[in-house]
Amino acid sequence: KTKAFIFDLDGVIVDTAKYHFLAWQKLANTLGINFTHDDNEQLKGVSRVRSLEIILGLGNVEATEEQKEEWLTQKNEDYLGYINTMDDSEILPGVMKVLNFLKANNQPIILGSASKNARPILEKVNILHLFDDIVDGNDVSNAKPDPEVFLVGAKKANQPNENSIVFEDSVAGIQAANNAGMMSIGIGEASVLHEADIVFNDFNQISEEFLTELINK
Ligand code: B16
Ligand code: MG
(Lines give C-alpha, C1' and ligand atoms only; values in the text may rest on other atoms or scores of the structure.)
(Ligands and ions follow the chains in the order given, each with its own letter.)
Protein backbone atom coordinates (compact mmCIF):
# COMPACT_ATOMS: atom_id res chain seq x y z
CA LYS A 1 0.00 0.00 0.00
CA THR A 2 0.98 3.65 -0.22
CA LYS A 3 0.85 6.09 2.68
CA ALA A 4 2.16 9.63 3.10
CA PHE A 5 5.08 9.98 5.52
CA ILE A 6 5.40 13.59 6.62
CA PHE A 7 8.49 14.76 8.50
CA ASP A 8 8.96 17.90 10.54
CA LEU A 9 12.46 19.35 10.10
CA ASP A 10 13.82 21.12 13.17
CA GLY A 11 14.13 18.62 16.02
CA VAL A 12 13.18 15.64 13.88
CA ILE A 13 15.69 15.50 11.02
CA VAL A 14 18.28 17.94 12.35
CA ASP A 15 18.83 19.77 15.62
CA THR A 16 18.68 23.33 14.36
CA ALA A 17 17.07 24.46 17.64
CA LYS A 18 20.60 25.07 18.97
CA TYR A 19 21.30 27.51 16.11
CA HIS A 20 17.93 29.23 16.48
CA PHE A 21 18.85 29.62 20.17
CA LEU A 22 22.23 31.21 19.49
CA ALA A 23 20.77 33.64 16.96
CA TRP A 24 17.79 34.59 19.16
CA GLN A 25 20.04 34.93 22.19
CA LYS A 26 22.30 37.37 20.36
CA LEU A 27 19.29 39.51 19.48
CA ALA A 28 17.88 39.25 23.01
CA ASN A 29 21.24 40.34 24.45
CA THR A 30 21.38 43.43 22.28
CA LEU A 31 17.88 44.30 23.53
CA GLY A 32 18.82 43.69 27.17
CA ILE A 33 16.48 40.70 27.43
CA ASN A 34 17.51 37.62 29.41
CA PHE A 35 16.87 34.60 27.18
CA THR A 36 17.69 31.11 28.45
CA HIS A 37 17.72 27.55 27.07
CA ASP A 38 14.47 26.96 28.93
CA ASP A 39 12.87 29.94 27.19
CA ASN A 40 14.02 28.47 23.87
CA GLU A 41 11.80 25.41 24.45
CA GLN A 42 8.77 27.64 23.95
CA LEU A 43 9.94 28.51 20.45
CA LYS A 44 10.08 24.97 19.05
CA GLY A 45 7.72 24.53 16.11
CA VAL A 46 6.59 28.14 16.52
CA SER A 47 6.80 30.58 13.58
CA ARG A 48 9.59 33.14 13.26
CA VAL A 49 7.32 36.14 13.89
CA ARG A 50 5.66 34.52 16.89
CA SER A 51 9.07 33.59 18.30
CA LEU A 52 10.11 37.25 18.27
CA GLU A 53 6.88 38.25 20.00
CA ILE A 54 7.54 35.68 22.75
CA ILE A 55 11.08 37.00 23.27
CA LEU A 56 9.96 40.64 23.35
CA GLY A 57 7.29 39.59 25.83
CA LEU A 58 9.98 38.13 28.14
CA GLY A 59 11.58 41.56 28.38
CA ASN A 60 8.36 43.61 28.18
CA VAL A 61 9.83 45.29 25.12
CA GLU A 62 7.48 47.06 22.74
CA ALA A 63 8.46 47.88 19.18
CA THR A 64 7.10 49.16 15.88
CA GLU A 65 6.41 46.75 13.01
CA GLU A 66 9.34 48.29 11.15
CA GLN A 67 11.70 47.67 14.06
CA LYS A 68 10.47 44.07 14.37
CA GLU A 69 11.10 43.47 10.67
CA GLU A 70 14.66 44.69 11.11
CA TRP A 71 15.27 42.38 14.09
CA LEU A 72 13.77 39.41 12.24
CA THR A 73 16.08 40.03 9.29
CA GLN A 74 19.09 40.34 11.58
CA LYS A 75 18.21 37.14 13.45
CA ASN A 76 17.74 35.21 10.23
CA GLU A 77 21.08 36.42 8.84
CA ASP A 78 22.82 35.20 11.99
CA TYR A 79 20.90 31.92 11.84
CA LEU A 80 21.88 31.38 8.19
CA GLY A 81 25.50 31.86 9.20
CA TYR A 82 25.19 28.82 11.46
CA ILE A 83 23.24 26.82 8.85
CA ASN A 84 26.09 27.41 6.46
CA THR A 85 28.39 25.35 8.69
CA MET A 86 26.09 22.27 8.62
CA ASP A 87 26.83 18.97 6.89
CA ASP A 88 25.36 15.46 6.89
CA SER A 89 26.97 14.64 10.25
CA GLU A 90 24.16 16.73 11.79
CA ILE A 91 21.38 14.40 10.67
CA LEU A 92 19.81 13.01 13.85
CA PRO A 93 20.29 9.32 14.86
CA GLY A 94 18.37 6.73 12.83
CA VAL A 95 16.86 9.26 10.39
CA MET A 96 18.77 7.98 7.34
CA LYS A 97 17.80 4.38 8.08
CA VAL A 98 14.10 5.27 8.20
CA LEU A 99 14.19 7.53 5.11
CA ASN A 100 16.05 4.89 3.10
CA PHE A 101 13.63 2.16 4.18
CA LEU A 102 10.60 4.23 3.16
CA LYS A 103 12.26 5.10 -0.17
CA ALA A 104 13.04 1.43 -0.83
CA ASN A 105 9.35 0.71 -0.20
CA ASN A 106 8.21 3.45 -2.62
CA GLN A 107 6.51 5.50 0.06
CA PRO A 108 6.02 9.26 -0.47
CA ILE A 109 8.34 11.28 1.78
CA ILE A 110 7.14 14.82 2.47
CA LEU A 111 8.60 17.64 4.54
CA GLY A 112 6.14 19.56 6.73
CA SER A 113 8.03 22.36 8.47
CA ALA A 114 7.31 25.85 9.79
CA SER A 115 10.77 26.95 8.67
CA LYS A 116 11.31 29.25 5.72
CA ASN A 117 14.87 27.91 5.55
CA ALA A 118 13.91 24.27 5.04
CA ARG A 119 15.29 23.84 1.52
CA PRO A 120 18.76 25.28 2.20
CA ILE A 121 19.01 23.15 5.35
CA LEU A 122 18.09 19.92 3.52
CA GLU A 123 20.59 20.86 0.81
CA LYS A 124 23.35 21.47 3.35
CA VAL A 125 22.83 18.03 4.92
CA ASN A 126 22.54 16.40 1.47
CA ILE A 127 19.07 14.87 1.67
CA LEU A 128 16.91 17.26 -0.36
CA HIS A 129 16.70 14.63 -3.15
CA LEU A 130 15.03 12.10 -0.82
CA PHE A 131 11.91 14.27 -0.46
CA ASP A 132 9.06 13.96 -2.96
CA ASP A 133 7.68 17.31 -1.83
CA ILE A 134 8.49 20.12 0.55
CA VAL A 135 5.85 22.10 2.42
CA ASP A 136 7.45 24.81 4.54
CA GLY A 137 6.95 28.24 6.06
CA ASN A 138 6.89 29.80 2.59
CA ASP A 139 3.85 27.75 1.54
CA VAL A 140 1.45 28.11 4.44
CA SER A 141 0.04 30.99 6.45
CA ASN A 142 -1.31 29.22 9.54
CA ALA A 143 1.22 28.08 12.13
CA LYS A 144 1.06 24.73 13.97
CA PRO A 145 -1.10 23.63 15.86
CA ASP A 146 -3.14 24.62 12.81
CA PRO A 147 -3.06 21.52 10.57
CA GLU A 148 -2.49 23.48 7.31
CA VAL A 149 1.13 22.45 6.71
CA PHE A 150 0.30 18.75 7.03
CA LEU A 151 -2.96 18.97 5.06
CA VAL A 152 -1.07 20.52 2.15
CA GLY A 153 1.59 17.80 2.51
CA ALA A 154 -0.93 14.95 2.29
CA LYS A 155 -2.54 16.58 -0.73
CA LYS A 156 0.83 16.79 -2.48
CA ALA A 157 1.30 13.07 -1.84
CA ASN A 158 -2.24 12.41 -3.14
CA GLN A 159 -3.13 10.63 0.08
CA PRO A 160 -6.17 11.06 2.33
CA ASN A 161 -5.39 12.47 5.77
CA GLU A 162 -6.10 9.17 7.51
CA ASN A 163 -3.38 7.56 5.39
CA SER A 164 -0.83 10.14 6.51
CA ILE A 165 1.75 9.69 9.24
CA VAL A 166 3.48 12.68 10.84
CA PHE A 167 6.81 12.67 12.70
CA GLU A 168 7.05 15.64 15.10
CA ASP A 169 9.16 16.80 18.06
CA SER A 170 6.98 19.71 19.22
CA VAL A 171 3.72 19.76 21.15
CA ALA A 172 2.22 22.23 18.66
CA GLY A 173 3.24 19.91 15.80
CA ILE A 174 1.66 16.84 17.41
CA GLN A 175 -1.53 18.85 17.91
CA ALA A 176 -1.40 19.94 14.26
CA ALA A 177 -1.14 16.30 13.11
CA ASN A 178 -4.01 15.30 15.41
CA ASN A 179 -6.08 18.23 14.16
CA ALA A 180 -5.43 17.01 10.60
CA GLY A 181 -6.80 13.55 11.45
CA MET A 182 -3.41 11.96 10.83
CA MET A 183 -1.35 9.51 12.85
CA SER A 184 1.04 11.47 15.08
CA ILE A 185 4.41 9.99 15.99
CA GLY A 186 6.32 11.95 18.61
CA ILE A 187 10.11 12.04 18.52
CA GLY A 188 11.36 12.97 21.98
CA GLU A 189 10.07 12.59 25.50
CA ALA A 190 6.79 10.76 26.08
CA SER A 191 5.95 12.98 29.06
CA VAL A 192 6.15 16.09 26.88
CA LEU A 193 4.56 14.61 23.75
CA HIS A 194 1.79 12.70 25.54
CA GLU A 195 -0.81 13.80 22.99
CA ALA A 196 0.95 11.80 20.26
CA ASP A 197 -0.41 8.41 19.14
CA ILE A 198 3.00 6.93 19.91
CA VAL A 199 6.36 8.36 21.02
CA PHE A 200 9.93 7.22 20.32
CA ASN A 201 13.09 8.70 21.82
CA ASP A 202 14.69 8.80 18.40
CA PHE A 203 14.49 7.10 15.00
CA ASN A 204 16.78 4.28 16.12
CA GLN A 205 13.85 3.08 18.24
CA ILE A 206 11.66 2.69 15.13
CA SER A 207 11.98 -0.79 13.66
CA GLU A 208 11.47 -1.89 10.07
CA GLU A 209 8.68 -4.16 11.35
CA PHE A 210 6.88 -1.14 12.80
CA LEU A 211 7.22 0.77 9.51
CA THR A 212 6.06 -2.25 7.50
CA GLU A 213 2.96 -2.48 9.69
CA LEU A 214 2.20 1.21 9.09
CA ILE A 215 2.56 0.77 5.33
CA ASN A 216 0.25 -2.25 5.25
CA LYS A 217 -2.36 -0.99 7.71
P1 B16 B 1 12.68 29.85 10.28
P2 B16 B 1 9.95 22.98 12.33
C3 B16 B 1 10.39 25.52 13.09
O4 B16 B 1 10.71 24.40 12.32
C5 B16 B 1 11.25 25.62 14.33
O6 B16 B 1 11.00 24.56 15.21
C7 B16 B 1 10.99 26.93 15.02
O8 B16 B 1 11.82 27.06 16.16
C9 B16 B 1 11.26 28.09 14.05
O10 B16 B 1 10.97 29.33 14.64
C11 B16 B 1 10.39 27.90 12.80
O12 B16 B 1 10.67 26.63 12.23
C13 B16 B 1 10.65 28.97 11.74
O14 B16 B 1 11.96 28.81 11.25
O15 B16 B 1 13.06 31.05 11.10
O16 B16 B 1 13.85 29.07 9.76
O17 B16 B 1 11.70 30.21 9.18
O18 B16 B 1 10.17 22.38 13.67
O19 B16 B 1 8.50 23.25 12.00
O20 B16 B 1 10.68 22.24 11.22
MG1 MG C 1 10.21 20.65 15.04
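The values are calculated or read from the model by the stated rules, or taken from the named source; none is laboratory data. Small disclaimer: the values here were computed from a predicted structure and weren't measured. Note that each Cβ is placed from the backbone with ideal geometry, even for glycine, and that neighbours are counted across all protein chains shown.
Tell me whether segment 203-211 contains one or more residues that are more than 16 Å from ligand 2 (Cβ to nearest atom), buried (at least 21 other Cβ atoms within 10 Å of the Cβ) and not β-branched (Val, Ile, Thr).
no
Would you confirm whether any residue within segment 151-162 is free of Cβ contacts under 8 Å to residues at least 60 places away in the same chain, in a loop (DSSP other than H, G, I, E, B) and under 14 Å from the mean Cα position of the chain (by Cα)?
Checked segment 151-162: no residue is free of Cβ contacts under 8 Å to residues at least 60 places away in the same chain, in a loop (DSSP other than H, G, I, E, B) and under 14 Å from the mean Cα position of the chain (by Cα).
Among the listed residues Leu111, Leu92, Leu130, identify the single one that is without any contact (Cβ under 8 Å) to a residue 60 or more places away in the chain and either surrounded by 14 or more Cβ atoms within 10 Å (Cβ to Cβ) or among the β-branched types (Val, Ile, Thr) (or both).
The conditions single out Leu130.
Does Ser170 satisfy being of a type in the set (Ser, Thr, Tyr), touching a residue at least 40 places away in the same chain (Cβ under 8 Å) and within 24 Å of Tyr82 (Cα to Cα)?
yes
Closer than 30 Å to Leu211 by Cβ and of a type in the set (Ser, Thr, Tyr), is that true of Ser115? Break it down stepwise before answering.
Values: closer than 30 Å to Leu211 by Cβ: yes; of a type in the set (Ser, Thr, Tyr): yes.
When the stated conditions are applied, Ser115 passes them.
Each row is one residue, and each column tells you yes or no for (1) hydrophobic (A, V, I, L, M, F, W, C); (2) within 14 Å of ligand 1 (Cβ to nearest atom); (3) touching a Phe, Trp or Tyr at 6+ places or on another chain (Cβ under 9 Å); (4) in a loop (DSSP other than H, G, I, E, B).
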| position | (1), (2), (3), (4) |
| --- | --- |
| Ser115 | no, yes, no, yes |
| Lys144 | no, yes, yes, yes |
| Phe167 | yes, yes, yes, no |
| Gly173 | no, yes, yes, no |
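Any residue that is in contact (Cβ under 8 Å) with a residue 24 or more places away in the chain, more than 22 Å from Lys44 (Cβ to Cβ), in contact with a strand residue (DSSP E or B) (Cβ under 8 Å, 6 or more places away or on another chain) and of a type outside the set (Asp, Glu) - is there at least one of those in segment 135-149?
Among the residues of segment 135-149, not one is in contact (Cβ under 8 Å) with a residue 24 or more places away in the chain, more than 22 Å from Lys44 (Cβ to Cβ), in contact with a strand residue (DSSP E or B) (Cβ under 8 Å, 6 or more places away or on another chain) and of a type outside the set (Asp, Glu), which makes the answer no.
I need every pair where a residue in segment 42-53 that is closer than 22 Å to Gly186 by Cα and within 13 Å of ligand 2 (Cβ to nearest atom) has its Cβ under 7 Å from the Cβ of a residue that is polar (S, T, N, Q) and in a helix (DSSP H, G or I), sequence separation at least 6 or different chains.
Here the result reads Leu43/Ser51, each pair linking segment 42-53 to a residue that is polar (S, T, N, Q) and in a helix (DSSP H, G or I).
Whether any residue in segment 44-58 is in contact with a helix residue (DSSP H, G or I) (Cβ under 6 Å, 6 or more places away or on another chain), farther than 27 Å from Gly153 by Cβ and β-branched (Val, Ile, Thr) is what I want to check.
yes
So which of Asp15, Asp87, Asp8 ends up being away from ligand 2 (no atom under 16 Å from the Cβ) and either of a type outside the set (Gly, Ala, Ser) or exposed (fewer than 12 other Cβ atoms within 10 Å of the Cβ) (or both)? Please lay out each step first, then the result.
On the way: Asp15 fails: away from ligand 2 (no atom under 16 Å from the Cβ); Asp8 fails: away from ligand 2 (no atom under 16 Å from the Cβ).
None of the others qualify; the one that does is Asp87.
Looking at segment 191-199, is at least one residue surrounded by fewer than 19 Cβ atoms within 10 Å (Cβ to Cβ), within 16 Å of ligand 1 (Cβ to nearest atom), modelled with pLDDT under 95 and assigned to a loop (DSSP other than H, G, I, E, B)?
Among the residues of segment 191-199, at least one is surrounded by fewer than 19 Cβ atoms within 10 Å (Cβ to Cβ), within 16 Å of ligand 1 (Cβ to nearest atom), modelled with pLDDT under 95 and assigned to a loop (DSSP other than H, G, I, E, B), which makes the answer yes.
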